[in-house]
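S.K.: This is the structure, below, for whatever I ask next.
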Amino acid sequence: MLSADPCIGEVLLSDEQIQARVREIGEQLTIEYAGRAPLMVCVLRGAYSFLTDLSRSIDLPVEIDFIAVSSYGSSTRTSGVVRLVKDLDVDLTGRDVILIEDIVDTGLTLRYLRRSLEARGPNSLEVCTLLARESADLEGLGVKYVGFTIPGDFVIGYGLDVDERYRNLRYLASYEPQDDA
Ligand code: 5GP
């Protein structure tokens, strides 16, 4: 059973804590984007849980599209090279885009995505991330909406994976690799 997996460490954010914060951000976006129909761009795959809950907390006619990037490297370490795996279907020209991220760590992925999306002529582009490392330069990266700030430990759950596992946990936990895993 998944719940008995020893790699799932301490619960850092409970289901309830996450849902309460997601609702708050949804209410904030509902106010700040009133009268508009923002396009939520979900960065696959880690942000899918956040996108699902957040979009349902926004009382506006939002639209949704998906983009996927990957960075080469091992499962718990980014390599420094980002590439586009799946592009958007929707034209961004004149749109109010909200980029939905799972976690901003070094900011490499975000820098790449921002460059790519800004080149397509949106009316506005804001970034909304569920998690950000304490070490991340959020101002420099132009991140306006942050769910939670967390320390350096590698985390799993609520969309975040290790080798595609643990995304379906309702909570966020630290990852405790086992010697024989
Ligand atoms: P950055 O480019 O900001 O260094 O890394 C962002 C990406 O690295 C995230 O979108 C996520 O896919 C991955 N990442 C960074 N930290 C973690 C973590 O603690 N857990 C998981 N599962 N992925 C992470």
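S.K.: Around Pro122, with a cut-off of 9 angstrom between Cβ atoms, what is the net charge of the other residues, counting Lys and Arg +1 and Asp and Glu -1?
M.R.: Net of charged neighbours comes to 0.
S.K.: Are there chymotrypsin sites (Phe, Trp or Tyr not before Pro) in the stretch 1-84 that DSSP puts in a loop and that have at most 13 other Cβ atoms within 10 Å, and which ones?
M.R.: Hits after loop and neighbour filter: Tyr72.
S.K.: Related question: For the stretch 10-147, what class follows from the C-alpha gyration tensor (a ≥ b ≥ c being the square roots of its eigenvalues): rounded when a/c is under 1.5, otherwise prolate if a/b is larger than b/c, else oblate?
M.R.: Oblate shape, in that a/c is at least 1.5 and b/c is the bigger or equal ratio.
S.K.: In the stretch 1-82, which trypsin sites (Lys or Arg not before Pro) are in a loop and have at most 11 other Cβ atoms within 10 Å, using DSSP for the loop call?
M.R.: Arg77
S.K.: Would you please put 93-105, 159-171 in order of how densely packed they are, using the mean number of other Cβ atoms within 10 angstrom per residue and starting with the highest?
M.R.: Going from most to least packed, we get 93-105, 159-171.
None of the figures in this text is laboratory data; all of them are computed from the coordinates on show. Just so we're clear, the structure is a prediction, and the values are computed from it rather than from any experiment. Cβ coordinates were reconstructed from backbone atoms using ideal geometry, including for glycine residues, and neighbour counts include every protein chain displayed.
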